[in-house]
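A quick write-up on the structure given underneath.
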There are 2 protein chains.
Amino acid sequence: MTTGVTVWLTGLPSAGKTTIAYELAARLRADGRRVEVLDGDEIREALSAGLGFSRADRDTNVQRIGFVAELLARNGILALAPVIAPYTDSREAVRKRHDSNRTPYLEVHVATPLEVCSARDVKGLYAKQAAGQLTGLTGVDDPYEEPAAPDLRLHAQHQSVAQSAAAVHALLTERGLL
Amino acid sequence: MTTGVTVWLTGLPSAGKTTIAYELAARLRADGRRVEVLDGDEIREALSAGLGFSRADRDTNVQRIGFVAELLARNGILALAPVIAPYTDSREAVRKRHDSNRTPYLEVHVATPLEVCSARDVKGLYAKQAAGQLTGLTGVDDPYEEPAAPDLRLHAQHQSVAQSAAAVHALLTERGLL
């Protein structure tokens, strides 16, 4: 049977995580792979309505997404999780859940610098924070703990979305997961 | 690609839902199918910690399980959900989620009568309720709305677990889902 894998794309808001995930998903589907994108915002609505953005609530949300990703991945699906996941501990717990089931897991750091993310501001969050209409924005007034040793670090500001997606594709190939 | 399907086994506590699900899962895995059992108690822990047993909380829990089941099923997995799901509206919402994605969905009513469930009392819940240590027990002092037209109704008290599992297997075959 096909081997599944979870690819977690962690990074700041507006780093490009979701865009890269959908680009990669399209490419993998064209190859005939079964892929699910567990979009942070959409899946929060489905699984974590009522949770906020405190550390505890963020961790709970990340663990729920990790649970679902592992369920999919252990069944041969390629699960892409473009989800901020700002805390190292919480990301490590997701990796451990996968390891304990021998389900492949890759962490990709979409390492777009804060200045670039803030200038893009796809959802207008940085502007809202600057205007005092929002607090707890990851990377600004809430922590983002950079992964020390991700499986791949994408300097996404220096390349196209297609190039970033291709780099993750190459990693999957290299690890024998495609 | 393989077609997936969600099979929801609804019924009272101690009706035999989980036992039938695991028996069926073993049989289907022996056939080479990918199967996940979304066990009500286990998945509540993973996805709905903090929720209680009010109508609203039960509905939220059922919708979350329905979301995950549909994700699996639309990716070719056979998802078995042995989950009480006492309210018709909430079960219908899960069916609609599947219908709107054209993902096959079957509802199986494990229709073991209350007296039999209460005598079995696998988890000691009926005894606790009788002793006044627990309230809100489905079928006793909390509602259970029987499905009016399930895809299959199992009179599980009159047959072995293997026979009940075989009946669901036969339904899956009949619907072209195996």
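Of note:
- Shielding score for B:46-55, defined as the mean number of other chain Cβ atoms within 10 Å: 3
- Lysines whose Cα lies under 27 Å from that of B:Lys123, excluding same-chain neighbours fewer than 8 positions away: B:Lys17
- Counted by Cβ distance under 13 Å from B:Leu154, the other residues give a net charge of -2, where Lys and Arg count +1 and Asp and Glu count -1.
- For the stretch B:117-147 versus the stretch B:34-88, the gap between their alpha-carbon centres in whole angstrom: 20 Å
- Across the stretch A:52-58, coupling constants 3J(HN,Hα) worked out from phi with the 6.51/-1.76/1.60 Karplus curve, θ = phi - 60°, read x, 10, 5, 4, 4, 5, 4 Hz, and Gly and Pro carry x.
- Percent RCO, i.e. relative contact order, over the stretch A:20-93, from Cα pairs under 8 Å lying at least 6 residues apart: 39 percent
- Spacing of the two label points (7 Å from each Cα toward its C-beta) at A:Arg120 and B:Ala119, in nm: 6.4 nm
- Prolate/oblate/rounded label for the stretch B:5-174 (Cα gyration tensor, a/c 1.5): oblate
- For A:Thr3, the label point sits 7 Å beyond Cα toward Cβ; its separations from the matching points on the remaining copies run 3.2 nm, from shortest to longest.
- Estimated FRET transfer efficiency (B:His169, A:Ala130; beta-carbon r; R0 41 Å; 0.05): 0.10
- Computed from label points 7 Å out along Cα-Cβ, the spacing between B:Arg55 and A:Arg153 is 5.4 nm.
- Helix-only mean residue ellipticity at 222 nm for the protein assembly as shown, each DSSP H run of n ≥ 4 adding -39500 (n - 2.57), per residue, nearest 500: -14000 deg cm²/dmol
- Relative contact order (%) - the stretch B:50-162, alpha-carbon pairs under 8 angstrom, separation at least six: 27 percent
- Rounded if a/c under 1.5, otherwise prolate or oblate - the protein assembly as shown, Cα gyration tensor axes: prolate
- Ascending list, in nanometres, of distances separating the B:Leu114 label from those of the other copies (7 Å, Cα toward Cβ): 6.1
- Ascending list, in nanometres, of distances separating the A:Ser100 label from those of the other copies (7 Å, Cα toward Cβ): 3.4
- Restricting the stretch A:90-178 to GluC sites (Glu not before Pro) in coil, as DSSP defines it, with at most 15 other Cβ within 10 Å: A:Glu145
- Within chain A, longest stretch clear of exposed trypsin sites (Lys or Arg not before Pro) (DSSP loop, no more than 16 other Cβ within 10 Å): A:1-101
- In this calculation the C-beta distance from A:Ala162 to B:Glu45 is compared with R0 = 45 Å, giving a FRET efficiency of 0.65.
Laboratory data are not the source of any read-out in this text; all were calculated from the coordinates shown. No experiment lies behind these values; they were computed from the predicted model shown. As a convention, Cβ positions derive from the backbone with ideal geometry for all residues, glycine included, and neighbour counts pool all protein chains shown.
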